[in-house]
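The values are calculated or read from the model by the stated rules, or taken from the named source; none is laboratory data. Please read all numbers here as calculations on a predicted model, not as lab measurements. Cβ placement follows ideal geometry from the backbone for every residue including glycine, while neighbour counts extend to all protein chains displayed.
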Amino acid sequence: MKRNIRPRAPHRARRGRLLKSGAAAVGVLALTAGLTSCGKANPYYSGSPNTVTLPVAAWAGSEANVAVAKQVLEKKLGYRVKTLQMDEPVAFDALNTGRADAMLEDWRGVPKKEKKYVEELKTIVYAGEMGVTGHIGWYVPTYFAKEHPEVKDWKNLPKLKKHFQTPESGDKGQLLEGSPSFSTYDDAIIKNLDLPYKTVYAGSEAAQIKEMQKRAAKKEPFLTYWWTPQWLNSKIPMTEVKLPKRTPGCDKVASKVDCAYPYTKLAKFMNKDFAENGGKAAEFLKKFKWSTADQTQVVKWMTIDKMDTDEAAAKWVKENPDKWKKWLPN
């Protein structure tokens, strides 16, 4: 679930998934910057052959993916799993240097890094689809859409701005955002569509969810950057505001984006050395592919039912042997 475009994921969830500050991100970048792509073997190859390192992004879907993978890797295949909390841009850097082995949910939100590491340096390889399709967009609570069905078309947002004004947005309508680390085109979309709106960041996915829940409890209107799949949608039904239809290349230049976000088949990436020499762990992670329904179930246990993350993952593994056994190495 997410979200950087993350997309970039949606999922992007989190999901809620593990928020990190800009300072933390800078710290990781500083660490990885001093390493070359071949100058540091990842833990799998540096005397700890049973260790697999996986990044966890700041949303619940990513956390659920890694938690289930960890359960199988540790309980069924005998590995030790180390997790690193970082979003996609930093995770790509970590995969490049070998500090991390595999990223299990990428919303294809950092195309420049993907091109650099996958196509040019070839230090990272595409490892298949995650099995979940994510979508980012602008959403309003369904109770508001029922009262004002015209909100479903972006062209009507100017005349509806009074419903979304806040002290933070002034005389403009507010578009609620989550974490500044999420990759979004929203400022460009607002500018290029000449909309009287302003992006206002809650600071994290958790803070964004808290704000949405507070407003929903009072049946107050709000417009927010949001995504599917997302566990909160089962608690607060959301309706998408349709942005202009996508055309080829409409989001190629970030500052010129004036179209809707894509539907994205969430992807997996691996450090090349790990993909080629990671043994059973690499084989398993390449095969790991589950459905939106499976991910959402684990996220529901983690968020709505307040289960411990590892407990939720263990429950899913116990109840779904027919699924995860297909992911095991031959």
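Taking the conditions exactly as written (in contact with a helix residue (DSSP H, G or I) (Cβ under 6 Å, 6 or more places away or on another chain) and either at pLDDT below 95 or surrounded by fewer than 23 Cβ atoms within 10 Å (Cβ to Cβ) (or both)), does Ala60 satisfy them or not? It is true that Ala60 is in contact with a helix residue (DSSP H, G or I) (Cβ under 6 Å, 6 or more places away or on another chain) and either at pLDDT below 95 or surrounded by fewer than 23 Cβ atoms within 10 Å (Cβ to Cβ) (or both).
Conditions (1) surrounded by fewer than 16 Cβ atoms within 10 Å (Cβ to Cβ); (2) part of a loop (DSSP other than H, G, I, E, B); (3) out of contact with any helix residue (DSSP H, G or I) (no Cβ under 6 Å at 6 or more places or on another chain); (4) not assigned by TED's automatic domain parsing to the domain that holds Thr228, marked per residue:
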position	(1), (2), (3), (4)
Gly131	no, no, yes, yes
Pro158	yes, no, yes, no
Glu168	yes, yes, yes, no
Ile190	no, no, yes, no
Asp194	yes, yes, yes, no
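Would you please name the residue that is modelled with the highest pLDDT, looking only at residues in region 122-180 that are under 19 Å from Ala206 (Cα atoms) and hydroxyl-bearing (Ser, Thr, Tyr)? Applying the filter and picking the extreme gives Tyr139. Being in the same structural domain as Glu150 (by TED's automatic domain parsing) and under 18 Å from the mean Cα position of the chain (by Cα) is the requirement here; does Leu176 meet it? The answer is yes for Leu176.
Name the single residue that is farthest from Val298 (Cα to Cα) among those in region 232-264 being β-branched (Val, Ile, Thr) and in contact with a helix residue (DSSP H, G or I) (Cβ under 7 Å, 6 or more places away or on another chain).
Residue satisfying both the conditions and the ranking: Val257.
For region 237-254, does any single residue satisfy the condition of being assigned to a helix (DSSP H, G or I) and among the basic types (Lys, Arg)? Checked against the condition, which is being assigned to a helix (DSSP H, G or I) and among the basic types (Lys, Arg), region 237-254 yields no hits at all. Just for region 243-279: of the residues that are over 30 Å from Arg99 (Cβ atoms) and in contact with a Phe, Trp or Tyr (Cβ under 6 Å, 6 or more places away or on another chain), which one is surrounded by the most Cβ atoms within 10 Å (Cβ to Cβ)? Checking each candidate, the answer is Val257. Within region 177-191, residues that are within 15 Å of Tyr139 (Cβ to Cβ) reach partners that are of a type in the set (A, V, I, L, M) and modelled with pLDDT of 95 or more with beta carbons closer than 7 Å, at six or more positions or on different chains, in the pairs Glu177/Val200; Glu177/Ala202; Gly178/Ala202; Asp186/Leu175; Ile189/Leu243; Ile189/Val257.
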